[in-house]
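Heads up: the structure comes next, in structure tokens.
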Amino acid sequence: MIQLDQLSWQVAGHTVLDQVSVTIPANTYAVLMGSTGCGKTSLLEILCGLRKPTSGRVLLDGVDVTKLEPRERGIGYLPQDLALFPGLSVREQIAFAPKLRGVLPEELDQRVNRLAEQLGIVPLLDRRIEKLSGGEKQRVALARALAAQPKLLLLDEPLSALDEGMRGEAVGMLKRVQQEHALTVLHVTHSSAEAAALGQLHLKLAEGRLVPPATQGANCTR
Amino acid sequence: MTLNRSNLCWLALAVITAGYLLFWALLLAATATYSTPESWLQVLQSPEIRHATWLSLVTCSLAAGFALLLAVPVGYLMSRREFRGKSWLDAALDIPIILPPLVVGLCLLIFFQTRIGKAIEVVIPFTYQLSGVVLAQFVVAAAFAIRTMRGTFDHLPARPEDVALTLGCTRFQALWHVALPAARRGMVAAFCIAWARSLGEFGPILVFAGATRMKTEVLPTTVWLELSVGNLEAAVAVSLFMVGLAVLVLVAVRATGEKV
């Protein structure tokens, strides 16, 4: 469960996020919409600890994580540009987090292969990321995030670089991944169709404030 | 092609560029034709110059290595972190570049006469020693290496490091596992630039480490020593050898895709 409590963020005297409060229940697929520059990406970055809020708190499963480092939060993050690690193979990308945590080689292989099968990227495992298509890169970035076994997944316009045909397929994949891994997902998008297909909870940011959700099951205050 | 005003402008700029390059070509050609290749070889085989060459290669490599070790963390800090007084620090890091070389040498000489400097020299003697040559080369070369590494990190997106932090990395691990592999070409370029700068260093070495034959004599010192005794042929041969090394470095840096 994600709780944002009176979260504000200012930069150079300009208020980007203004006392945002919302609760996203566990295992919910939440979709966040809003115009360009309204603070959606900043909100995701505050959630995963890459930015410190000016005021307010971030709670995950009831625990205040506002002052915790990103690595201590157990959050998977897919930025819009995917930010794959240059020079590494697909296998190395997926193995990055488990290896860092000292997972034994046998278990590491199993985890990488399982995720690769799940996301349909087994034939790509030994390829370098520079040789992948946009859709393939997106799957690799998702597998890399899932390999860290997060409870919460933040997706920043993950389908924006895909064409219409691939987007439908990717929507199905994201739905399946959220259910199989029992994830709480916060997905930023500009696409109403994408939001309608995926969202169980719909949020909208306007001028740094959250517009009340359109569905039941969430509390959102200004 | 008709010569309109725009074409005339480009033509004028091309003539200026060509004129400058021609001037340099004439300088090098005049130096190269001053003596014969046989006399170059003869000069370069003398024990003193072979020793100075060996010493230059070793000290430049050490100075460039140390410069890179300093440049990576400083360049990363300056590129990735915003903090109060950053522009002042940025300007301060360029001081060795703008200081007259002899002044750098004098500063080193005076520092090692202070209490702190003398305490350091109890452990590692620098003044008029071979280690002093490396230190004199390092203090200037490091500024160039820092500039190159900062430029490299500025051109690399910070986002993969951010993602690495969410995947469990500390900031140091993100630097080590993500930023450094991505910056390897820049590191090669920074090393080469620091190496080339060290090779040409003369003023600080002369003041701080001296110009003792077979002890602290490096190639620029050789040129100066040979000129001071009127042996222009030897000075020319060593200079051409240094030009050759500089060209090799330039080629190496260009191969990394970086700019000097």
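Values quoted throughout were computed directly from the atomic coordinates according to the rules given, and no laboratory measurement underlies them. What you are looking at is a predicted structure, and each value in this text was computed from that prediction instead of being measured. Cβ atoms come from the backbone with ideal geometry, glycine included; neighbour counts cover every protein chain shown.
Side notes on the structure shown:
- Label-point gap, in nm, between residue A:81 and residue A:182 - each point 7 angstrom along Cα→Cβ: 3.6 nm
- With N the number of residues in the stretch A:1-72, Rg(Cα) / (2.2 N^0.38 Å) evaluates to 1.06.
- Check: the protein assembly as shown dipole with +1 on Lys, Arg Cβ and -1 on Asp, Glu Cβ, in debye: 560 debye
- Sites matching trypsin sites (Lys or Arg not before Pro) across the stretch A:1-95 that sit in DSSP coil, with at most 14 neighbouring C-beta atoms within 10 Å: A:67
- A Förster distance of 35 Å, applied to the separation of the beta-carbon atoms of residue A:99 and residue B:248, puts the FRET efficiency at 0.35.
- Restricting the calculation to Cα atoms, the protein assembly as shown yields a radius of gyration followed by a Dmax of 29.9, 94 Å.
- Value at 222 nm in deg cm²/dmol, rounded to 500, when DSSP H runs of n ≥ 4 in the protein assembly as shown each add -39,500 (n - 2.57): -17500 deg cm²/dmol
- As a calculated quantity, the FRET efficiency between residue B:106 and residue B:24 at R0 = 25 Å, using C-beta atoms, amounts to about 0.20.
- Just checking the listed ones, B:18, B:174, B:209: in the Gaussian network model of chain B with Cα springs under 10 Å, the one fluctuating most is B:18.
- Normalised contact order of the stretch B:136-260, rounded percent, pairs of Cα under 8 Å and 6 or more residues apart: 30 percent
- Three-way shape call for chain B based on the alpha-carbon gyration tensor, with the a/c threshold at 1.5: oblate
- Residue by residue along A:164-170, Cβ atoms of other protein chains within 10 Å of the local Cβ number 0 on average.
- Taking the stretch B:42-60 and a reference point 7 angstrom along Cα→Cβ of residue B:231, the backbone N atoms nearer than 13 Å belong to B:42-53.
- Top of B:115, B:80, B:213 by mean-square fluctuation, Gaussian network on chain B, Cα under 10 Å: B:115
- On the principal axes of its alpha carbon atoms, the stretch A:90-215 extends 47, 30, 25 Å, with the longest extent given first.
- Beta bridges assigned by DSSP with both partners in the protein assembly as shown are antiparallel in approximately 55 percent of cases.
- Just checking the listed ones, B:13, B:109, B:240: in the Gaussian network model of chain B with Cα springs under 10 Å, the one fluctuating most is B:13.
- Shape call, the stretch B:1-109: gyration tensor on alpha carbons, a/c limit 1.5: oblate
- The HN-Hα couplings worked out from phi for the stretch A:189-199 by the Karplus form 6.51 cos²θ - 1.76 cosθ + 1.60 (θ = phi - 60°) are 8, 9, 8, 5, 5, 4, 4, 5, 6, 10, x Hz, whole numbers, x standing for Gly and Pro.
- For the stretch B:80-237, a crude dipole built from +1 on the beta carbon of Lys and Arg and -1 on the beta carbon of Asp and Glu, taken about the Cα centre, is about 500 debye to the nearest 20.
- Between residue A:126 and residue B:118, the modelled label-to-label distance comes to 6.6 nm, taking each label 7 Å out from Cα in the direction of the beta carbon.
- Remark: the stretch B:165-260 is approximated by an ellipsoid whose semi-axes, taken from the C-alpha gyration tensor as √(5λ), come to 39, 17, 7 Å, largest first.
- Dipole of the stretch B:6-149 [Lys/Arg +1, Asp/Glu -1 at C-beta], most positive-end residue of B:60, B:7, B:19: B:60
- Per-residue mean of C-beta atoms belonging to partner chains within 10 Å, peptide A:76-89: 5
- Neighbouring Cβ atoms from other chains, within 10 Å of the Cβ of residues in A:100-112, number 1 on average.
- Rounded if a/c under 1.5, otherwise prolate or oblate - the stretch A:85-149, Cα gyration tensor axes: prolate
- Proximal charge balance of residue B:88 [Cβ under 14 Å; K/R count +1, D/E count -1]: -1
- Listed pairs A:40/B:86; A:67/A:99; A:67/A:151; A:175/A:204; A:131/A:151 exceeding 22 Å between Cα atoms: A:40/B:86; A:67/A:99; A:131/A:151
- For the stretch A:1-120, the dipole from Cβ point charges (+1 on Lys and Arg, -1 on Asp and Glu) about the Cα centre works out to 160 debye, to the nearest 20.
- Between the residues B:230, B:205, B:177, the greatest Cα displacement towards the positive end of the dipole of the stretch B:37-255, with unit charges on the Cβ of Lys, Arg, Asp and Glu, is found for B:177.
- Residue order, fewest to most beta carbons within 10 Å, for A:124, B:175: B:175, A:124
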